[in-house]
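Enquirer: Okay, here's the structure, questions in a sec.
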Amino acid sequence: MLEGKHILVGISGGIAAYKIPELIRRLRQAGAEVKVTTTKNALQFVTELTLQTLSGNKVYHDVFAAINDHSTEHISLPDWSDAMIVAPATANVLDKMAHGIADDALTTTFAAMRKPVVIAPAMNDKMYASEAVQESLTQLSKRHNITVMDCAEGYLACGTTGKGRMQEIDCIAEALCYALTNHDMTNKHVLLTAGPTREAIDPVRYLTNHSSGKMGYSLARECWRRGAMVTLVSGPVSIPLPIPVLFGEKTRFTRMTVESAQQMYEAAMQALDEAHVIILCAAVADYRMTEVSTTKIKKTSDSPLLTLTLTENPDIAAAIGEAKRPKQQLIGFALETDHAEEHAIQKLKAKKLDWIVLNSLQDPGAGFGVDTNKVCLLSRKGTKKDIPLMSKENVAQAIISAIL
Ligand code: CTP
């Protein structure tokens with residue numbers, strides 16, 4: 001989503017400024033072009049040379065410097081940029097931004113900015129809790145183009161523990177994606193399942209599959225970015241999920257981690273009632289052990305064969321297809337190796353889905369583990385939409401745009 005975007009990073013003079021070079025590097029790795037403006041004090045914490053080297057651009061920090069290309073960078077930079085991040089935002093800079101005070105490079109640039117802005121405050125916990133700062137944050141968060149992040153709790157540079165930490169770099173980058181997204185799912189609740197399930201054989205072994213959970217997590221993130229409330233029921237996967245906490249907003253993202261298909265079924269059914277859209281991306285094991293051995297199954301010399309007796313697991317998609325209300329939209333996935341479209345349409349009908357997303361394992365770059373995917377969307381009404389090979393993030397965008 002950040003590919004080709006112009007991002008302006010504004011740094012003010014707090015100790016958390018030492019983390020911003022890493023943010024700049026991440027933004028550039030994601031394909032963005034970055035320019036930097038700072039207050040004078042920010043350069044006490046991070047050097048101009050570091051910022052210039054990592055961004056690949058001159059740093060704008062002195063309104064009156066003769067070396068400026070021309071004297072109106074505070075206007076040309078907002079014009080150049082698609083979005084701005086102010087991180088860390090100190091109490092002083094927050095209060096200035098809230099009151100329209102523009103007396104240095106960063107604040108004059110911010111005053112001219114009409115595109116999306118993400119503000120990541122950082123300060124001592126007592127300063128953060130002060131009326132002035134809370135009022136400034138409230139005022140800023142009411143502006144249509146501004147996303148204000150909350151502070152995180154934890155260890156502070158002054159040696160205490162409290163609420164005042166800047167949220168992690170990955171959360172700031174995610175808040176930027178949120179700020180750059182059209183919030184067309186506000187007031188919608190989305191329930192998703194993702195990842196594989198694990199069916200225990202004995203205390204040390206289990207049955208599972210190759211699902212990485214990447215497609216489901218990309219869909220969950222996309223729904224969050226569009227403003228939805230998200231409940232993600234996830235099988236065991238190791239995917240980082242940086243979801244920022246926004247100022248004054250109740251958390252809109254709940255992740256429930258489960259292991260078995262039965263646990264996934266129970267968690268999904270529990271969250272079903274409030275969902276408007278249900279996306280079932282998990283690769284659920286169709287069978288579990290009829291009886292899980294309480295002790296480790298030992299190898300015997302009697303026979304080279306071991307027979308496991310399996311019992312069918314609940315089909316979450318079919319159960320939701322039966323239970324859902326007419327206005328709830330149900331989207332399933334099908335991963336097929338042969339007669340792909342025919343099998344997908346059978347599943348669409350049998351499970352009473354509104355849409356099925358067909359993945360074909362035969363397509364290079366699609367399916368398990370990889371960061372890209374290529375899918376075909378088929379609807380109950382007979383619509384067919386091919387989504388070409390692209391990143392799972394972009395496939396998620398295309399799927400959500402198609403089903404809304
Ligand atoms: N699904 C589910 N619960 C199950 C099995 C599947 O919710 N116990 C959902 C999947 O999340 C997916 C859709 O049903 O959205 C199709 O899954 P798939 O495994 O392809 O279908 P199955 O009915 O298990 O058929 P197959 O015999 O091909 O495995």
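The values are calculated or read from the model by the stated rules, or taken from the named source; none is laboratory data. Here the structure is a predicted model, which means the values were calculated and not measured. Heads up, the Cβs are rebuilt from the backbone with ideal geometry, glycines too, and the neighbour counts pull from every protein chain shown. These area figures cover heavy atoms from the full protein model, side chains too; ligands, DNA and RNA do not enter into them. Shrake-Rupley method; radii C 1.70, N 1.55, O 1.52, S 1.80 Å.
Enquirer: Please state which of the following conditions Leu361 fails to meet, knowing it meets all the rest: (1) within 16 Å of the ligand (Cβ to nearest atom); (2) not assigned by TED's automatic domain parsing to the domain that holds Ile278.
Expert: Every listed condition holds for Leu361 apart from (2).
Enquirer: If the requirement is being open to solvent by 50 Å² or more (accessible area, probe 1.4 Å) and without any contact (Cβ under 8 Å) to a residue 24 or more places away in the chain, which of these qualifies: Gln52, Gln44?
Expert: Exactly one residue qualifies, and that residue is Gln52.
Enquirer: Inspect all residues belonging to the range 76-91 and state whether any of them is exposed (fewer than 15 other Cβ atoms within 10 Å of the Cβ), touching a Phe, Trp or Tyr at 6+ places or on another chain (Cβ under 8 Å), not aliphatic (A, V, I, L, M) and not in a loop (DSSP other than H, G, I, E, B).
Expert: No.
Enquirer: Specify which of the listed residues (Ile356, Ile345) is among the β-branched types (Val, Ile, Thr), within 11 Å of the ligand (Cβ to nearest atom) and either without any contact (Cβ under 8 Å) to a residue 60 or more places away in the chain or open to solvent by less than 60 Å² (accessible area, probe 1.4 Å) (or both).
Expert: Ile356 is the lone residue from the list that is among the β-branched types (Val, Ile, Thr), within 11 Å of the ligand (Cβ to nearest atom) and either without any contact (Cβ under 8 Å) to a residue 60 or more places away in the chain or open to solvent by less than 60 Å² (accessible area, probe 1.4 Å) (or both).
Enquirer: Does Leu191 qualify as being among the aliphatic types (A, V, I, L, M), without any contact (Cβ under 8 Å) to a residue 40 or more places away in the chain and surrounded by 15 or more Cβ atoms within 10 Å (Cβ to Cβ)?
Expert: For Leu191, the condition - among the aliphatic types (A, V, I, L, M), without any contact (Cβ under 8 Å) to a residue 40 or more places away in the chain and surrounded by 15 or more Cβ atoms within 10 Å (Cβ to Cβ) - is not met.
Enquirer: Here is a further query. Checking the condition hydrophobic (A, V, I, L, M, F, W, C) and part of a loop (DSSP other than H, G, I, E, B), which residue from Ala175, Ala157 passes?
Expert: Criteria check complete, one pass: Ala157.
Enquirer: Could you say whether any residue in the range 203-210 is of a type in the set (Val, Ile, Thr), assigned by TED's automatic domain parsing to the domain that holds Glu259 and open to solvent by 10 Å² or more (accessible area, probe 1.4 Å)?
Expert: Checked the range 203-210: at least one residue is of a type in the set (Val, Ile, Thr), assigned by TED's automatic domain parsing to the domain that holds Glu259 and open to solvent by 10 Å² or more (accessible area, probe 1.4 Å).
Enquirer: Look at Ile101 and say whether it is modelled with pLDDT under 95, open to solvent by 30 Å² or more (accessible area, probe 1.4 Å) and either in a strand (DSSP E or B) or more than 21 Å from Ile20 (Cα to Cα) (or both).
Expert: Judged against the criteria, Ile101 is not a match.
Enquirer: Inspect the range 142-153 for any residue being farther than 30 Å from Asp273 by Cα, in a strand (DSSP E or B) and at pLDDT below 95 and give the result as yes or no.
Expert: yes
Enquirer: I need the full set of residues from the range 9-58 which are in contact with a Gly (Cβ under 7 Å, 6 or more places away or on another chain) and small (Gly, Ala, Ser), in order please.
Expert: Residues satisfying the conditions are Gly31, Ala42.
Enquirer: How about the range 329-342: which of its residues are open to solvent by 10 Å² or more (accessible area, probe 1.4 Å), in contact with a strand residue (DSSP E or B) (Cβ under 7 Å, 6 or more places away or on another chain) and either more than 10 Å from the ligand (Cβ to nearest atom) or within 20 Å of Gln270 (Cβ to Cβ) (or both)?
Expert: Within the range 329-342, Gln329, Ala340, Glu341 meet the criteria.
Enquirer: List every residue pair whose Cβ atoms sit under 9 Å apart, with the two residues 6 or more apart in sequence or on different chains, where the first one lies in the range 9-28 and is in contact (Cβ under 8 Å) with a residue 24 or more places away in the chain and open to solvent by 20 Å² or more (accessible area, probe 1.4 Å) and the second, anywhere, is assigned to a helix (DSSP H, G or I) and of a type in the set (Asp, Glu).
Expert: If the second residue must be assigned to a helix (DSSP H, G or I) and of a type in the set (Asp, Glu), the pairs left are Arg26/Asp170.
Enquirer: Something else: Search the range 289-321 for residues being more than 10 Å from the ligand (Cβ to nearest atom) and outside any loop (DSSP other than H, G, I, E, B), and hand back the single one that is least open to solvent (accessible area, probe 1.4 Å).
Expert: Met289
Enquirer: Go through the range 268-288 and give me each residue that's closer than 27 Å to Asp150 by Cβ and part of a helix (DSSP H, G or I).
Expert: Correct list: Ala271 only.
Enquirer: So, one more: Considering each residue of the range 1-17, count those that are outside any loop (DSSP other than H, G, I, E, B) and of a type outside the set (A, V, I, L, M, F, W, C), and give that number.
Expert: 2
Enquirer: Of the residues Met264, Met269, which single one is within 10 Å of the ligand (Cβ to nearest atom) and either closer than 22 Å to Trp224 by Cβ or not hydroxyl-bearing (Ser, Thr, Tyr) (or both)?
Expert: Just a single option satisfies the conditions, and that option is Met264.
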